[in-house]
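Some notes on the structure that comes next.
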Amino acid sequence: MGLNLAQKIIKEHLVSGEMVAGKEISIRIDQTLTQDSTGTMAYLQFEAIGIPRVRTKKSVAYIDHNTLQAGFENADDHKYIQTVTSKHGIYFSRPGNGICHQVQLERFGVPGMTLLGSDSHTPTGGGIGMLAIGAGGLDVAVAMGGGPYYLMMPKVCKVNLKGKLAPWVSAKDIILEVLRLLTVKGGVGKVIEYGGEGIKSLTVPERATITNMGAELGATTSVFPSDEVTKEFLRAQGRENDWIELKSDADATYDEVVEIDLGSLEPMAAKPHSPDNIAKISEIGKIKVNQVAIGSCTNSSYMDMMKVSKILKGKTVHPDVSLVIAPGSKQVLTMLAQNGALADMVAAGARILESACGPCIGMGQAPATNAVSLRTFNRNFEGRSGTASAQVYLVSPETAAASAIKGVFTDPRDLGPAVNIEMPKQFIINDNMVVAPAEDASKVEVVRGPNIKPFPINKELTDKVEGKVLIKTGDNITTDHIMPSNAKLLPFRSNVPYLAEFCLTPCDPEFPKRAKENGGGFIVGGANYGQGSSREHAALAPLQLGIKGVIAKSFARIHMANLINSGIIPMTFENEADYDAIDNGDELALEDAIGQIKSGSQLILKNKSKNTEIKVNVALSGRQVEIMLAGGLLNYTRKNG
Ligand code: MIC
Ligand code: SF4
């Protein structure tokens, strides 16, 4: 029987397990990436594992998230990452070189290879046919040490693209349509594979916009074939030798097929506060816009920026709008500077930001109270912009630029004939901001600033796991709720004790205090608990506060893995009705926890306050059971070498 593309790459990298959807497999990892806000923790963990030099084909550490140096903390963390990576064989992409996913795509990604990154948008690499997966820092640390990456064998959903996009409709609108069809939970446990005639007209940056935002579907990853379009892109990056052809077999089968007629799509937006809350721009109406932000790993390519500059050329940004633009990489910025496009943006009144994540992760440019902000980014979770009352809409660069000029929501089709940008035959290549690791590790001293504090490590599982329900949340709680990230908190990513003081505070400001007063306990969540980022701080901060287990209707993939890696038990309700029967403050007990975890997937949790028993499921593989018994992956890895 023929294989689809995802299955082919997995088969090529399979280390253990059977390729049956839902069963645990492990795969060899060729490349890893980290960024600074998850990287400090990943490298502290890498050091704790004790492997002297990375064993991957290429590992790169990027500095792109924490680039607002409002205090010494970020600069210290950058120094730590620069020295620790140099010592252990990892390439270091200096601040200013660009957003990790954009640079990885331009300079390092290779079709057919596996990439594990400590960032949920690592699937951007699927745009050139990589199997690129986001994971917690500890999983990436293990992969850097040569260990395989464990995951549940995903189902594969094919998205068949037919026809061609109409003028002014863009790749962002395609992924917004996929989000409309599948929702933020629709990709869980699946790889989204793109195919059909329609892909031929999509450039690599456009494909990467789509695979990038596949993260918002909750998917394991998204992937495009590697074809002539891929070859052209790699040739223009001076990397034609990295190209191989990759496609699914003619008789490949899929678990699900979705059809999209590209010609029928219109410019769209994800409305507040979820990436799947989709509406057509033509239906939204002329809402007044206060801020427009263009950039992020979703839409900051040369092609995107050129479209924006053409739209802005000779115009002035509306007086009531603040327009900020962050080109995705030094390559993009250099090319814009050389061909005059940057001057056109500046002349129109755009505020140019450095090539980094910036406002996407709340590092500056928090909107005004109740402001309407249009962003070309990938997430519009409540409060993520840094302003709780802001109304953030996710749109294409074309819609963003058009609206910045008009001051109201504007369908770019109203601007007249569409701008046409040709893919460059040759990008400007200068990797001088990527520092190679030291040849002689003994000469490198790892510099640790005072902001680096010991991170919590769990203890072996005990027989009695008990405590109070400390918080009960609704559905779709994001890691931005569990461990908020903004300009004030991001500098503390290597200081978990400090961060823990803010854990779940967007849901309940008293949570950290209550958790500490009770010596820890349980969290009760709704469906898709922990969606969004890969940040393991969303597991480490609860661990710091003594959280022993989370009982939810369902979990997002990376967060569940991070909980297991931290030795926190992720449980799902057997009967969703039990969610309603559990209250804040209830005393819960998992008796004979070791025996129960060892013996199967269904556990009995006692609600001592209500004198009831709740059936919960714990979907752990044999290896994950061992991890749970050891008190987390770090303890397990140290024990098992
Ligand atoms: C995000 O977009 O939420 C982040 C910030 O890039 C995170 C990583 C982090 O929290 O550091 C992600 O996507 O994994
Ligand atoms: Fe950076 Fe935003 Fe992309 Fe996350 S989603 S990597 S914060 S640009």
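Throughout, read-outs are computed from the coordinates displayed, never taken from laboratory work. Computed from a predicted structure; not experimentally measured. Please note: Cβ atoms are built from the backbone with ideal geometry, for glycine as well, and neighbour counts cover all protein chains shown.
Brief remarks follow.
- Around Gly622: net Lys/Arg minus Asp/Glu count, Cβ-Cβ under 14 Å: 0
- Counted residue by residue at 0.36 nm each, then reduced by the alpha carbon distance between them, the extension gain from Ile429 to Lys79 reaches 123.4 nm.
- Counting neighbouring beta carbons within 10 Å and listing from fewest to most, the residues Ile564, Ile278 come out as Ile278, Ile564.
- Positive contributions from Lys and Arg (+1) and negative ones from Asp and Glu (-1), summed over other residues with Cβ under 15 Å from the Cβ of Gly532, come out at -2.
- With 0.36 nm allotted per residue and the present C-alpha distance subtracted, the Lys280-Thr369 stretch has 29.5 nm of extension available.
- What the Cβ-Cβ distance of Lys185 and Asp414 gives, at R0 = 25 Å and to the nearest 0.05, is a FRET efficiency of 0.15.
- Taking label positions 7 Å along the Cα-Cβ direction at both Glu259 and Lys288, the computed distance is 4.5 nm, reported to one decimal.
- Rel. contact order, % - alpha carbon contacts under 8 angstrom, at least six apart, the chain: 14 percent
- The slack in the chain from Lys459 to Lys516, taken as 0.36 nm per residue of separation less the alpha-carbon distance, amounts to 18.8 nm.
- Packing-based exposure ordering (other Cβ within 10 Å, fewest first) of Met153, Met144: Met153, Met144
- Global geometry of region 1-116, whether rounded, prolate or oblate, following the gyration tensor of its Cα atoms and the 1.5 cut on a/c: prolate
- The packing ranking, built from the mean of other Cβ atoms within 10 Å per residue, places the peptides 353-362, 589-598, 468-477 in the order 353-362, 468-477, 589-598, highest first.
- Cα-Cα pairs of region 112-180 separated by more than 13 Å (percent): 74 percent
- The Cα atoms of the chain define a convex hull whose projected area, averaged across directions, is 26.1 nm².
- The modelled label-to-label distance for the pair Thr505/Ala589, using points 7 Å beyond Cα in the direction of Cβ, is 3.5 nm.
- For region 220-344, averaging the sequence separation of C-alpha pairs within contact (under 8 Å, six or more residues apart) and dividing by the residue count gives a relative contact order of 18 percent.
- Angle between the chain longest axis and helix 397-406 axis [Cα atoms, degrees, rounded to 10]: 70 degrees
- Ellipticity at 222 nm from helices only: DSSP H runs of n ≥ 4 in the chain, each -39500 (n - 2.57), divided by the residue count, give -8000 deg cm²/dmol.
- Shape class for region 545-607, computed from the alpha carbon gyration tensor (a ≥ b ≥ c): rounded, with a/c under 1.5.
- Approximate spin-label separation Phe72-Lys164, in nm, with each point projected 7 Å along Cα-to-Cβ: 6.0 nm
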